[in-house]
1. State all residues of segment 87-119 that are of a type outside the set (V, I, T), touching a Gly at 6+ places or on another chain (Cβ under 6 Å) and not in a loop (DSSP other than H, G, I, E, B); if no residue qualifies, say none.
2. Restricting to segment 90-108, what's the tally of residues that are charged (D, E, K, R) and farther than 18 Å from V155 by Cα?
3. Is it the case, given these coordinates, that I130 is within 16 Å of the ligand (Cβ to nearest atom) and outside any loop (DSSP other than H, G, I, E, B)?
4. In this structure, does L95 turn out to be more than 18 Å from L34 (Cβ to Cβ) and buried (at least 19 other Cβ atoms within 10 Å of the Cβ)?
5. With the checklist (1) in a loop (DSSP other than H, G, I, E, B); (2) within 13 Å of the ligand (Cβ to nearest atom); (3) closer than 19 Å to T103 by Cβ in hand, flag the one item R11 doesn't pass.
6. Quick check on K2: is it modelled with pLDDT of 95 or more, farther than 18 Å from C152 by Cα and either in contact with a Ser or Thr (Cβ under 8 Å, 6 or more places away or on another chain) or of a type outside the set (S, T, N, Q) (or both)?
7. Among the residues of segment 30-54, write down those that are more than 10 Å from the ligand (Cβ to nearest atom) and touching a strand residue (DSSP E or B) at 6+ places or on another chain (Cβ under 8 Å).
8. Could you list, in sequence order, all residues of segment 133-156 that are surrounded by 13 or more Cβ atoms within 10 Å (Cβ to Cβ) and assigned to a loop (DSSP other than H, G, I, E, B)?
Amino acid sequence: MKVGIGQDSHRFDFEDKNKKLILGGVIFEDQPALQGNSDADVILHSITNAISGVTCVNVLGKISDEMCLAQGITDSKAYLYEAVKYLNESKIIHLSLSIECLTPKITPKIPEIRKSLSVLLEIPENCIGITATTGEGLTQFGQGLGIQVFSCVTVV
Ligand SMILES: [Zn+2]
């Protein structure tokens with residue numbers, strides 16, 4: 001059994017009215033998008049990093065930049081699948097997420113995010129735990145400037 005930890009954070013782009021906010025593959029309507037060359041799905045990036053924490057093959061960075069900038073792949077699901085590829089025979093059995101932000105309100109969307117991640121990772125929804133906090137506004141995430149996500153994956 002192996003456990004991987006991952007983190008990612010993005011700043012909101014309050015100017016870009018065309019880009020959509022996507023978290024865990026779920027679109028949040030009428031919310032500012034996150035900055036980034038890709039779709040900036042900070043949840044999927046965090047999970048991708050957690051999987052890299054198990055496989056020791058870092059996808060975000062050199063590999064994702066190549067996919068994004070050279071091949072034009074901006075869908076973060078592609079980076080996630082790239083990381084999953086290196087799990088080989090190993091299988092994810094559990095995922096735990098901790099999200100810090102002021103906006104959007106995460107809690108009402110948790111069931112939808114769990115469902116989306118369940119489909120993407122092919123694990124049951126009851127093996128995906130998600131918590132969300134504003135951290136009492138002590139950081140810029142809790143002050144509404146961006147979103148931070150920590151992920152923990154368990155692999156057998
Ligand atoms: Zn990212």
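1. Residues of segment 87-119 that are of a type outside the set (V, I, T), as a first pass: 87-91, 94-98, 100-102, 104-105, 108-109, 111-112, 114-118.
If we keep only those that are touching a Gly at 6+ places or on another chain (Cβ under 6 Å) too, we end up with 96, 100, 102, 116-117.
Residues satisfying the conditions are S96, E100, S116, L117.
2. Here is the first cut: in segment 90-108, the residues charged (D, E, K, R) are 91, 100, 105.
Subsequent filtering for residues that are farther than 18 Å from V155 by Cα retains 100, 105.
Selection size over segment 90-108: 2.
3. Criteria not met by I130.
4. yes
5. That leaves (1) as the condition not met.
6. Against the criterion (modelled with pLDDT of 95 or more, farther than 18 Å from C152 by Cα and either in contact with a Ser or Thr (Cβ under 8 Å, 6 or more places away or on another chain) or of a type outside the set (S, T, N, Q) (or both)), K2 does not qualify.
7. Here is the first cut: in segment 30-54, the ones more than 10 Å from the ligand (Cβ to nearest atom) are 30-33, 47, 50-54.
Residues satisfying the conditions are Q31, P32, A33, I47, A50, I51, S52, G53, V54.
8. T134, T139, Q140, F141, G142, Q143, G144, L145, listed by residue number.
The values are calculated or read from the model by the stated rules, or taken from the named source; none is laboratory data. Predicted model, so just to flag it, every value in this text is computed and none were measured. No Cβ is skipped: glycine too gets one built from the backbone with ideal geometry, and neighbour counts run over all protein chains shown.
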